[in-house]
């Protein structure tokens with residue numbers, strides 16, 4: 001019998017890092033109730049986002065610490081055993097179908113679908129011994145699936161009239177997707193860190209998911225959204241995900257929305273339309289595994305974020321309405337520190353804003369304001385009737 005555990009160095013990292021992260025999320029969970037931190041976050045953001053996220057992260061990291069302490073993998077005389085934080089899985093040698101190896105895990109699958117897959121972390125000691133044992137005994141399922149997928153593609157008449165034409169289509173799709181993903185990644189980096197010229201860079205990021213949808217439909221299922229590593233199906237994930245998130249981040253930091261009520265309906269409709277277009281006719285989702293439903297939920301969330309960012313950007317950046325000018329003053333200023341610094345100034349009531357209100361500003365803007373400084377507020381109607389405003393000295 002051979003027993004394998006997580007390496008001591010990695011275990012130490014998990015214990016120290018896990019405890020620190022539990023402490024961090026516990027602090028975030030308690031932040032609104034701690035003296036001096038009451039104004040660091042809005043109540044709506046806390047109750048609907050930060051509090052649930054903090055609780056979830058605390059549970060995840062606590063389980064991770066327990067898993068690291070208790071977890072082990074055993075190769076016995078006639079079976080393998082995986083012991084986790086709250087579980088124990090066993091497979092007899094003749095019940096094993098094969099294995100898959102990724103950067104982070106080894107997955108050992110059973111012939112019977114009712115039996116759970118055994119997972120081994122890549123930080124396990126003497127991992128190469130486990131890999132050698134598996135390679136000598138069982139089938140590499142990823143390699144087998146890749147061969148089967150390519151055979152499936154080359155035998156599918158919707159990808160071409162002949163086998164040679166289908167193979168050429170696959171090569172062309174793979175090359176196109178590679179260019180799309182690299183270009184989308186570059187556009188997203190510019191969107192995150194150097195959006196100049198601003199309108200052009202953000203508009204390009206908005207266009208990428210649309211191009212991804214066009215490619216997806218043009219290749220009739222040959223391209224997938226997030227295919228497995230080593231899959232024969234090219235994946236547009238990078239070119240879809242990163243530009244969409246860049247648009248969302250830009251909209252969050254670049255525009256001060258006065259009233260959000262007119263955002264939710266168009267955001268929901270646009271997000272669901274994009275999600276439906278990606279799902280309809282998509283053989284990638286079989287809807288017979290929990291993973292498929294989680295992928296759909298992820299796609300819905302991504303398209304919602306993208307739709308929100310697109311609507312806010314177009315509403316504000318292309319707003320041609322006449323602005324209303326109000327005067328205000330700086331009541332206070334503060335810096336919120338965390339993973340990054342966020343700069344705030346508190347404005348006295350102005351126009352339709354009847355109470356003092358904090359506004360997030362850039363570091364450069366923050367340094368130009370002092371308490372009691374006069375501030376000009378420019379209130380705009382918005383392209384889509386989503387009111388927003390800008391401030392200046």
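Could you tell me whether segment 251-261 includes any residue that is touching a helix residue (DSSP H, G or I) at 6+ places or on another chain (Cβ under 7 Å), more than 24 Å from residue 188 (Cα to Cα), at pLDDT below 90 and surrounded by fewer than 17 Cβ atoms within 10 Å (Cβ to Cβ)?
No, the conditions are met nowhere in segment 251-261.
Against the condition over 30 Å from residue 239 (Cα atoms), in contact with a strand residue (DSSP E or B) (Cβ under 8 Å, 6 or more places away or on another chain) and surrounded by fewer than 15 Cβ atoms within 10 Å (Cβ to Cβ), how does residue 333 come out, does it pass?
Answer is no for this residue.
Condition check ((1) touching a strand residue (DSSP E or B) at 6+ places or on another chain (Cβ under 9 Å); (2) closer than 26 Å to residue 221 by Cβ) across all residues:
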residue	(1), (2)
77	no, no
88	yes, no
99	yes, no
111	yes, no
116	yes, no
122	yes, no
128	no, no
148	no, yes
151	no, yes
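Which members of segment 151-182 meet the condition of being in contact (Cβ under 8 Å) with a residue 60 or more places away in the chain and within 29 Å of the chain's Cα centre (by Cα)?
170, 173, 174, 177
Based on what the data block shows, is residue 132 assigned by TED's automatic domain parsing to the domain that holds residue 69, farther than 19 Å from residue 230 by Cα, out of contact with any strand residue (DSSP E or B) (no Cβ under 6 Å at 6 or more places or on another chain) and at pLDDT 90 or above?
yes
Any residue in segment 160-178 that is under 19 Å from residue 226 (Cα atoms), part of a helix (DSSP H, G or I), touching a helix residue (DSSP H, G or I) at 6+ places or on another chain (Cβ under 9 Å) and modelled with pLDDT of 90 or more?
Looking for residues that are under 19 Å from residue 226 (Cα atoms), part of a helix (DSSP H, G or I), touching a helix residue (DSSP H, G or I) at 6+ places or on another chain (Cβ under 9 Å) and modelled with pLDDT of 90 or more, one finds at least one in segment 160-178, hence yes.
With respect to residue 380, is the statement that it is modelled with pLDDT of 90 or more, surrounded by 12 or more Cβ atoms within 10 Å (Cβ to Cβ) and under 30 Å from residue 239 (Cα atoms) true?
Here the answer is no, as residue 380 does not meet what is asked.
Return the only residue of 358, 346, 385 being modelled with pLDDT of 85 or more and under 26 Å from residue 27 (Cα atoms).
Only one candidate qualifies: 346.
Of all residues in segment 132-147, which are surrounded by 12 or more Cβ atoms within 10 Å (Cβ to Cβ) and in a helix (DSSP H, G or I)?
133, 134, 135, 141, 142, 143, 144, 145, 146
Return yes or no: is residue 90 surrounded by 12 or more Cβ atoms within 10 Å (Cβ to Cβ) and not assigned by TED's automatic domain parsing to the domain that holds residue 11?
No: the conditions fail for residue 90.
Taking into account only those residues within segment 194-236 that are at pLDDT below 90 and either in a helix (DSSP H, G or I) or not assigned by TED's automatic domain parsing to the domain that holds residue 166 (or both), which is farthest from residue 279 (Cα to Cα)?
Checking each candidate, the answer is 218.
Among the residues in segment 197-205, are any loosely packed, with under 15 Cβ neighbours inside 10 Å, touching a helix residue (DSSP H, G or I) at 6+ places or on another chain (Cβ under 9 Å) and within 28 Å of residue 306 (Cα to Cα)?
yes
The values are calculated or read from the model by the stated rules, or taken from the named source; none is laboratory data. Just so it is clear, the model here is predicted, and its values are computed rather than measured. In this analysis, Cβ positions are derived from the backbone assuming ideal geometry, glycine residues included, and neighbour counts consider all displayed protein chains.
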